[in-house]
Amino acid sequence: MSRPYNFSAGPAMLPEPVLSQAQEEMLDWNGSGMCVAEMSHRGKEFMSIAEQAEQDLRELLAIPEGYRVLFLQGGASSQFAMVPMNLSGRVGKADYLNTGSWSKKAIAEAHRFCAVHVAASTQPEHFVRAPAQSELALSEDAAYLHYTPNETIEGVEFPYIPESSAPLVADMSSTLLSRPIDVSRYGLIYAGAQKNIGPAGLTILIVRDDLIGEPLSGTPTMFDYRVHADSGSMYNTPPTYAWYLAGLVFKWLKDLGGLEGMGEINRRKAEKLYAAIDGSSFYANPVEPASRSWMNVPFTLADPELDADFLAGAKAAGMLTLKGHRSVGGMRASIYNAMPEAGVDALIAFMAEFERTKG
Ligand SMILES: *Cc1c(COP(=O)(O)O)cnc(C)c1O
């Protein structure tokens with residue numbers, strides 16, 4: 001039986017070879033007689049899984065010396081607080097770019113901990129593009145600049161890395177590992193795993209070592225980056241099974257030829273889908289072409305009355321979770337790394353057929 005294509009924005013599809021390997025190893029990981037979920041996080045078996053995963057992630061992203069990689073819990077949403085708690089202390093002020101629903105949430109949370117300067121906002125235009133570098137009104141004394149390279153809900157992506165004298169902080173929840181990135185341009189990168197990395201419950205943080213160590217007074221132990229960095233992300237029990245599955249995803253990416261190859265596939269998938277949308281008068285995507293996301297593709301039907309029909313037909317044809325975010329409506333196809341190109345081809349064929357028969 002072939003599995004359906006799941007276009008969920010997160011938790012999202014995982015690569016089938018990863019699921020098969022996890023299934024094979026479920027009852028007995030590597031002769032240990034244990035499932036990974038049953039292992040002590042401090043035992044030699046899990047330590048080897050953890051170390052290998054970090055090493056593979058460092059290799060995939062070519063993470064330079066001087067960066068810590070942390071495997072945390074709490075989701076990207078906890079980072080909305082942890083970033084200002086750990087990084088704003090020295091100056092008490094941070095710059096933020098307001099480019100969609102997720103950056104808005106990050107900004108609202110940061111207000112609890114420091115002065116926030118919104119250096120650009122595309123909200124008046126309903127978040128249909130990324131602001132240009134020349135539009136960023138950056139502070140001279142910000143502790144950091146926070147932005148969201150890929151806005152998962154609006155389907156807006158920055159086509160460039162912002163320049164700023166303050167360290168750059170990026171919420172890469174829905175874009176990390178989709179293509180190569182220059183980590184050295186960033187002070188801190190964080191991502192909830194459930195979009196493009198692995199299962200929910202794991203949050204990856206990549207942080208320049210010199211940025212951590214001065215949390216706001218009163219910062220809870222579990223929210224202090226230094227605590228996690230000094231303990232190898234094992235101050236308390238880490239999300240062991242999610243860490244292991246993410247490690248299998250890293251191996252899968254390495255076997256595919258790393259992020260260069262993955263990026264090429266992702267570019268092709270996105271270009272095809274946008275071309276199908278733009279080539280039809282029945283489907284539309286509101287995002288400016290230069291700011292369109294490779295990962296999340298929202299689109300509307302000319303007649304919203306047909307939405308339910310579209311979703312039912314797609315489901316019957318083996319395509320799940322295409323309903324758009326409740327705040328945006330219409331459809332959204334999330335096409336992360338684990339979505340095969342054949343899944344995008346199937347969606348495009350279904351869209352054409354639906355337009356022909358119902359449009
Ligand atoms: C999904 C998402 C979040 C929220 O992630 P949680 O892990 O659920 O807290 C934050 N930012 C972006 C860009 C996202 O896509």
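A convex hull fitted to the Cα coordinates of the chain yields 133 cubic angstrom per residue.
Tell me, which longest segment in the chain has none of the chymotrypsin sites (Phe, Trp or Tyr not before Pro) that fall in DSSP loops with at most 16 further Cβ atoms within 10 Å?
My reading of the result: 1-159 is the longest stretch.
Qualifying GluC sites (Glu not before Pro) in region 122-171, where qualification requires a DSSP coil assignment and no more than 13 other C-beta atoms within 10 Å, comprise E140, E163.
Comparing S293, S20, S101 in a Gaussian network model of the chain, where Cα atoms under 10 Å apart are tied by springs, the biggest mean-square fluctuation is seen for S20.
Note on region 283-359 and region 195-213: Cα centroid distance 30 Å, given to the nearest whole angstrom.
Partner lysines whose Cα lies under 26 Å from the Cα of K323, excluding those fewer than 8 positions away in the same chain, are identified as K104, K105, K195, K269, K272, K315, K358.
Here's the list of lysines a cross-link from K44 could span, going by alpha-carbon distance under 28 Å and ignoring same-chain residues fewer than 8 apart: K251, K254.
Amide H contacts of K323: R332, each under 5 Å away and 5 or more positions distant or on a separate chain (H built 1.01 Å from N in the peptide plane; Pro and chain starts excluded). Multiplying the residue separation of V183 and N236 by 0.36 nm and subtracting their alpha-carbon distance yields 16.3 nm.
Identify the trypsin sites (Lys or Arg not before Pro) of region 1-69 meeting these criteria: DSSP loop state and at most 16 other C-beta atoms within 10 Å of the C-beta. Those satisfying the criteria are R42. Normalised by the number of residues in the chain, the mean separation of alpha-carbon contacts (under 8 Å, six or more apart) gives a relative contact order of 23 percent.
Please give the calculated 222 nm ellipticity per residue for the chain, where each DSSP H segment of at least 4 residues contributes -39500 (n - 2.57) and the sum is spread over every residue; nearest 500 deg cm²/dmol? Don't skip to the answer; put the middle values down first.
Details: 9 runs with 121 residues, N = 359.
That calculation yields -11000 deg cm²/dmol at 222 nm.
A straight Cα-to-Cα reach below 16 Å connects K93 with the aspartates and glutamates E109, E140, D141, E214, residues fewer than 8 places away in its own chain not being considered.
Here, each number is a calculation from the coordinates, and none is a lab measurement. Keep in mind that what you see is a predicted model, and the values were worked out from it rather than measured. Reconstructed Cβ throughout: ideal geometry from the backbone, glycine too, with neighbour counts over all protein chains shown.
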